[in-house]
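Following: one structure in structure tokens, then a few remarks.
Laboratory data are not the source of any read-out in this text; all were calculated from the coordinates shown. All values derive from a computational prediction rather than experimental measurement. Quick reminder, even Gly has a Cβ in these numbers, built from the backbone with ideal geometry, and neighbours come from all protein chains shown.
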2 protein chains.
Amino acid sequence: MLRIINQQADVRAELQRICDRTHDEQVLHKEATVREVLQAVQRQGDKAVLHYTAEFDHQTFKADELRVTAAEIDAAYQQVSKQLIDSIQLASKQIEAFHRQRVPKSWVHFGDDEVVLGKRYTPVDRAGLYVPGGRACYPSTVLMNAVPAKVAGVPRIVMVTPPGTGKGISPAVLVAANEAGVREIYRIGGAQAIAALAYGTETIPKVDVITGPGNIYVTIAKKLVYGNVGIDSLAGPSEVLIIADGTANPIHVATDLLAQAEHDPMAAAILLTTDAGLAKNVQVALERQLMDHPRQVDTSKAIAHYGLIVVVESLEIAAQFSNEFAPEHLELEVEDPWGLLPLIRHAGAIFLGHSTPEAVGDYLAGPNHTLPTSGAARYASALGVETFLKHSSIIQYSQTALEKVATAIDTLATAEGLPSHADSVRCRVRKDNSDSEL
Amino acid sequence: MLRIINQQADVRAELQRICDRTHDEQVLHKEATVREVLQAVQRQGDKAVLHYTAEFDHQTFKADELRVTAAEIDAAYQQVSKQLIDSIQLASKQIEAFHRQRVPKSWVHFGDDEVVLGKRYTPVDRAGLYVPGGRACYPSTVLMNAVPAKVAGVPRIVMVTPPGTGKGISPAVLVAANEAGVREIYRIGGAQAIAALAYGTETIPKVDVITGPGNIYVTIAKKLVYGNVGIDSLAGPSEVLIIADGTANPIHVATDLLAQAEHDPMAAAILLTTDAGLAKNVQVALERQLMDHPRQVDTSKAIAHYGLIVVVESLEIAAQFSNEFAPEHLELEVEDPWGLLPLIRHAGAIFLGHSTPEAVGDYLAGPNHTLPTSGAARYASALGVETFLKHSSIIQYSQTALEKVATAIDTLATAEGLPSHADSVRCRVRKDNSDSEL
């Protein structure tokens, strides 16, 4: 049963508990295992990757079988419906269109003072995309990672995904990869796949940035290799927070909460509403839908542990609680969502109004569905083209321009006790050019 | 003596060795200490912070002495020269001007198809700036961290810096902080300061993002708390790579190499040149300057271990080696730096021509001096306003717009085995409105 509490209860503590649901002690124990896998792959390359694939994924490969063949990718198109191919293509097109908006561009400013300053954006050389396997094997994840990398202009995009039973990869995943222009795919997963991408092996190229969600082992591995390579984020289980008033349809709200809960027993689904009647109706509607939900066991767990309805006195208070939680997904199912929007400070993605269920954004609206979780929206944003770009600062001073700032640099360098910093300007502006004095 | 090798030597291995100079095994041992500090501060707050400040910084405080007083900040202005205040103000002004350029702006696009999409940028609520103490106590570091946070619009900026001897903080640091608008300063440092900012204590507020360089304990602490809060990067020791042809002045080049080496015995200073004569002259000039360098011992260590001159056959080959090293600072001391620039793919900051020593960028050109080190320029960029901003995706579909994509979403959700995702659209577009069927 989805719990209902009201504003007088200790809402803050409840939200904190839900937000912190992954900060558990077991991570530390798993870290030792992950470290061992990383070190083995770093030292032994393919041999270690094949060993852990046999151990954890129960699949025995030779190194030259790791890469998915062109024939497999082409054959995948025969194994899915025309309607699914069309839907993947529509999603790919819309995701690409959104990600092409406002991509940061290189610029250079030539000042009147003979100073040239700028920023030059370039893509990373190689990106590694992790696509989870098993139950969570989603073509949408492929698109949301590969399309931004493609838009950024990354010359080499490598995808890894755990081998399915019988060594096959989901054909929908292969179709999505191909539609996004990715044809270098390896059937490896887990910490060993992250290690292979971070350090490189005989078969798998070392990449510059690794993106994509995974289980707890993948997440720990990403954190440990961060610094050696770039990563997108440390993704936790998914979450939705819905703010609804009396104009919301309880069936819609209940379904949206379930759409989050069905992802994972650790998923969180929270409703903040000003309407006690709606709260009750959502509770009833959700219970009814849950009765014959195909993923009933896991979905019920998520609802029981990390589901919550809070009846609040005003939308302002709802916004305040929402900001403290900083949800990955935020739905504003209220009469005037644009009026409420300015009160929202932290959220990964915001879905406005009664006709914008989160699923629209999960699949094809265009914005990325890889979003900060567990409160990370306080400081982080969606995966994007920027994840695959970096910039170099550009600085050029003329001799005249340098002379104008020479004293200030000298003063600062001397204050910081860095004599050669001061010298590097002095030797260039010295009037008599008597370099030999240095 | 600064070593000279030529292109036929194993340049790649040498550059790799220099790039990897911090990836050592001792990190793992220090991690246990840092973890203990983090856990103690998380559990005991101020008490643990005071304990470790006594243990590591040999300073005994009460909790209410941790914050630097307004009187101390104001008094700092009397303890530094007018010239230094002017120089700090000039640097602050120029850094602010650069960081105000091309700050990402919120945008919303209202499509003809009744779809509204956008990105809304907001600053983090609280930023924590770490400013190192001791020998590396730099007012420039204060400006380079505080000014971007201010430009981003962060409402609360908190600075921490280790207590100097006699409980005093460098007056230049206090002046720089005040000029950048930061007046909430705590005299704490090390892993205990990072822990206090990440978790909050009775005295120190929990922040959303922590930036700024520090020693190895600070860096390890930042990596461990990443995910709980945002961080800017994992800064390693500084490095410069200079590409020079026969038009470069050997005294200038030698001084610029020393200006890097004087930072730290782990700093790296590399010259790639097409001119064997220049190589020899730089070697001699550097040796001469090193003889009576005020920081001779440490600077010589850096030059001996992580200094290198490589004589290459062409600037193209130099660019290639530079890209593989991905230097934090890159100087192009060549006749046509703008002609060489397009060949450069990875570098934190690029200094063009003969009158642009790195010190210009270190202090006051405007671009940030907090840059990716140890090869991180392959995937990362300078600290900037973006470090303190994040965005929320904005999505609104009308009923009509939702109906148009309903089939595609249904197809994708069904392929991914997520029935409530499909339902969340179905229940909204159903023609007969018979909600009770769900």
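Under 17 Å Cα-Cα from B:K62, which lysines qualify once same-chain neighbours fewer than 8 residues away are excluded?
B:K47, B:K167
Could you pull the copy-to-copy label distances for A:R43, with points set 7 Å along Cα to Cβ, in nm to one decimal and sorted shortest first?
Nearest first, the other copies' label points are 3.3 nm away.
Which shape class, rounded, prolate or oblate, goes with the stretch A:184-229 when its Cα gyration tensor gives a ≥ b ≥ c as root eigenvalues, a/c under 1.5 marks rounded, and past that a/b bigger than b/c marks prolate?
Here the stretch A:184-229 falls in the oblate category.
Over the stretch A:253-399, consider all pairs of different Cα atoms and compute the Kirkwood hydrodynamic radius from their mean reciprocal separation; express it in Å, one decimal.
In the stretch A:253-399 this quantity evaluates to 16.8 Å.
Inverting the mean 1/r over all pairs of different Cα atoms, compute the Kirkwood radius of the protein assembly as shown and quote it in Å.
28.5 Å
Can you compute the FRET efficiency between B:D10 and A:K82 using 1/(1 + (r/R0)^6), with r the Cβ-Cβ distance and R0 = 51 Å? Round to the nearest 0.05.
So the FRET efficiency works out to roughly 0.40.
Among rounded, prolate and oblate, which fits the stretch A:1-53 when a ≥ b ≥ c are the square roots of the eigenvalues of its C-alpha gyration tensor, a/c under 1.5 means rounded, and a/b larger than b/c means prolate?
Prolate.
Enumerate by residue number the GluC sites (Glu not before Pro) in the stretch B:236-336 meeting two conditions: DSSP loop (anything except H, G, I, E, B), and at most 12 other Cβ atoms within 10 Å of the site's Cβ.
B:E313
Given contacts defined as C-alpha pairs under 8 Å and at least six residues apart, what's the relative contact order of chain B, whole-number percent?
That works out to 20 percent.
Please work out the Cα center distance from the stretch A:373-425 to the stretch B:189-265, rounded to the nearest Å.
Value for the Cα centre distance between the two parts: 13 Å.
In nm, to one decimal, how far is the modelled label at A:V103 from the one at A:H29, with both set 7 Å along Cα→Cβ?
About 4.6 nm separates the two model spin labels.
Which angle from 0 to 90°, rounded to the nearest 10, does the C-alpha axis of helix B:250-261 make with the longest principal axis of chain B?
60 degrees
Could you give the Stokes-Einstein D for the stretch A:242-315 in µm² per second, using the C-alpha Kirkwood radius, 10 °C, 1.306 mPa s?
Rounded to a whole number, D works out at 132 µm²/s.
Using the Cα gyration tensor of the stretch A:26-234, with a ≥ b ≥ c the square roots of its eigenvalues, what is the shape: rounded (a/c below 1.5), prolate (a/b larger than b/c) or oblate (neither)?
Because a/c hits 1.5 or more and a/b fails to exceed b/c, the stretch A:26-234 counts as oblate.
Going by alpha carbons, how many degrees (0 to 90, nearest 10) lie between the helix axis of B:315-325 and the longest principal axis of chain B?
With both axes taken from Cα atoms, the answer is about 60 degrees.
Can you list which of the trypsin sites (Lys or Arg not before Pro) found in the stretch B:63-135 are DSSP loop residues with at most 13 other C-beta atoms within 10 Å?
B:R100, B:K105
Using the 7 Å Cα-to-Cβ label point, sort the distances from A:A97 to its equivalents in the other copies shortest first and give them in nm to one decimal.
In nanometres, ordered from closest: 4.2.
Can you give me the C-alpha center-to-center distance between the stretch A:333-364 and the stretch B:337-359, rounded to a whole angstrom?
Value for the Cα centre distance between the two parts: 44 Å.
Report the dimensions of chain A along its three principal axes from the alpha-carbon atoms, largest first, rounded to Å.
In descending order, the Cα extents are 89, 59, 44 Å.
Taking a spot 7 Å from the Cα of A:E324 along the direction of its beta carbon, which residues of the stretch A:249-277 have an amide N less than 20 Å from it?
So the set is A:268-276.
Could you give the nm distance between label points at B:M1 and A:W338, where each point is 7 Å from its Cα heading toward the beta carbon?
7.5 nm
Can you tell which of A:L352, A:L402, A:L241 shows the greatest fluctuation in a Gaussian network model of chain A with Cα springs below 10 Å?
A:L402
Can you figure out the FRET efficiency of A:D20 with A:E313, using R₀ = 22 Å and their beta-carbon distance, to the nearest 0.05?
Plugging the Cβ-Cβ distance into 1/(1 + (r/R0)^6) gives 0.30.
If you take the beta carbon distance between B:A304 and B:T69 as r and set R0 to 51 Å, what does 1/(1 + (r/R0)^6) give as a FRET efficiency, to the nearest 0.05?
0.70
In Å and whole numbers, how far do the C-alpha atoms of the stretch A:108-165 stretch along each principal axis, longest first?
Projected onto the principal axes, the Cα atoms of the stretch A:108-165 cover 66, 18, 11 Å.
Would you mind telling me which residue in B:A76, B:A191, B:A422 has the biggest mean-square fluctuation in a Gaussian network model of chain B, where springs connect alpha carbons within a distance under 10 angstrom?
Among B:A76, B:A191, B:A422, the largest mean-square fluctuation in the Gaussian network model of chain B belongs to B:A422.
What whole-number distance in Å separates the alpha-carbon centres of the stretch B:99-138 and the stretch B:1-70?
Using only Cα atoms, the two centres lie 28 Å from each other.
Hey, in the GNM for chain A with a 10 angstrom Cα cutoff, which one of A:D264, A:D410, A:D292 fluctuates hardest?
Highest fluctuation among the options: A:D410.
Taking a label point 7 Å out from Cα toward Cβ, give me the nm distances from A:V284 to the same spot in the other copies, shortest first, one decimal.
A:V284 label point versus its equivalents elsewhere: 9.5 nm.
Taking the 0 to 90 degree range and rounding to the nearest ten, how far is the long axis of helix A:399-415 tilted relative to the main principal axis of chain A, both from C-alpha atoms?
Relative to chain A, helix A:399-415 is tipped by roughly 70 degrees.
Mind checking which lysines have their C-alpha under 26 Å from A:K150, skipping anything on the same chain fewer than 8 residues away?
A:K82, A:K93, A:K105, A:K119, A:K206, A:K222, A:K223, A:K390, B:K105, B:K119, B:K390
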